[in-house]
Amino acid sequence: MRIDIVTIFPEFFGTLDVSLLGKARQSGLIDTRVHDLRDATTDKHRTVDDTPYGGGAGMVMKPEPWGDTLDAILADPDSSKNPILIVPSPAGEQFTQAVAKELAEEEQLIFACGRYEGIDQRVSDHFATRIRVRPISLGDYVLNGGEVASLAMIEAVGRLIPGMVGNPESLVEESHEDGLLEYPSYTKPAEWRGLEVPPVLLSGNHGAIASWRHEQQLERTKAVRPDLLPE
Ligand code: 6GU
């Protein structure tokens, strides 16, 4: 999968070299390219923002550097025929495991990391006439920009790409894969600071263990995320 990231803070993406994603990049499974939006500016101050038409607080990102940077990415002969432009924004659709799975099927993702009060709307409107554009939000809170949100999405998507995770079973038995929260996990020692591992897990009875784990999932979900439970 090819991943392009457009940002005024390329340093945020140094962490892509670390951990599982870093390995995926080294092995060629993921090809990430970070583009500094300011490289497409022409003035001395490398200006990327301006005051909003209609007034109001904050600054809006100017369309021209976005247009030129995204044009160049689309014109790159190594780009795919059918990339998708992801615009991280608190005004987007909610990012979920289901969205992550959809994106893991894509050949190329382009992340447009806005700062300030967002990017001039015409950037999305223009590129929507050429490629798929998808504004996506991590959740109902506000970040200063799309960089951290993009990193979260790249990690969630990256680990779903075939060949990424050592043990594919660990992908199925985790929170949200079956619509429930994950069951609690334990390892050795069997007793620690007076706390014992639930005896069923030491019983060797796989049926009993599976039912206990499912019960735990239901209990946890009911306590913490009742919105996830069906009626
Ligand atoms: Cl994707 N972007 C920003 N700036 N804030 C957010 C978000 C995204 N998701 C939740 N808050």
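The values are calculated or read from the model by the stated rules, or taken from the named source; none is laboratory data. No experiment lies behind these values; they were computed from the predicted model shown. Don't worry about glycine lacking a Cβ; one is built from the backbone with ideal geometry, like all the others, and counts go over all protein chains shown.
Within the range 61-77, the set of residues being under 15 Å from E106 (Cβ atoms) and surrounded by fewer than 16 Cβ atoms within 10 Å (Cβ to Cβ) is empty.
Each row is one residue, and each column tells you yes or no for (1) among the aliphatic types (A, V, I, L, M); (2) in contact with a Phe, Trp or Tyr (Cβ under 7 Å, 6 or more places away or on another chain); (3) more than 16 Å from the ligand (Cβ to nearest atom).
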position	(1), (2), (3)
T69	no, no, yes
A75	yes, no, yes
Y116	no, no, no
R122	no, no, yes
R130	no, no, yes
V142	yes, no, no
V157	yes, no, no
L160	yes, no, yes
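Looking across the range 162-207, just one residue is closer than 26 Å to E106 by Cβ, in contact with a helix residue (DSSP H, G or I) (Cβ under 8 Å, 6 or more places away or on another chain) and buried (at least 16 other Cβ atoms within 10 Å of the Cβ), and that is M164. Note on the range 113-208: enclosed helices (runs of 4 or more DSSP H) holding 3 or more residues that are within 16 Å of the chain's Cα centre (by Cα) and at pLDDT 95 or above are 146-158.
Look at (1) surrounded by fewer than 17 Cβ atoms within 10 Å (Cβ to Cβ); (2) within 12 Å of the ligand (Cβ to nearest atom) and you find that H126 fails only one, number (2). Could you please find all residues in the range 91-112 being assigned to a strand (DSSP E or B), touching a Leu at 6+ places or on another chain (Cβ under 9 Å) and either more than 10 Å from the ligand (Cβ to nearest atom) or at pLDDT below 95 (or both)? If the condition is that a residue be assigned to a strand (DSSP E or B), touching a Leu at 6+ places or on another chain (Cβ under 9 Å) and either more than 10 Å from the ligand (Cβ to nearest atom) or at pLDDT below 95 (or both), then L109, I110, A112 are the ones that fit.
For the range 43-72, residues that are of a type in the set (G, A, S) and either closer than 25 Å to I86 by Cβ or in a helix (DSSP H, G or I) (or both) total 3. If you check E147 against the conditions, is it buried (at least 21 other Cβ atoms within 10 Å of the Cβ), among the charged types (D, E, K, R) and within 16 Å of the ligand (Cβ to nearest atom)? Yes.
Tell me, yes or no, whether the range 51-64 has at least one residue that is within 16 Å of the ligand (Cβ to nearest atom) and among the small types (G, A, S). There is at least one residue in the range 51-64 that is within 16 Å of the ligand (Cβ to nearest atom) and among the small types (G, A, S).
Scanning the range 77-90 for residues that are within 11 Å of the ligand (Cβ to nearest atom) and out of contact with any helix residue (DSSP H, G or I) (no Cβ under 8 Å at 6 or more places or on another chain) gives a single hit, P90.
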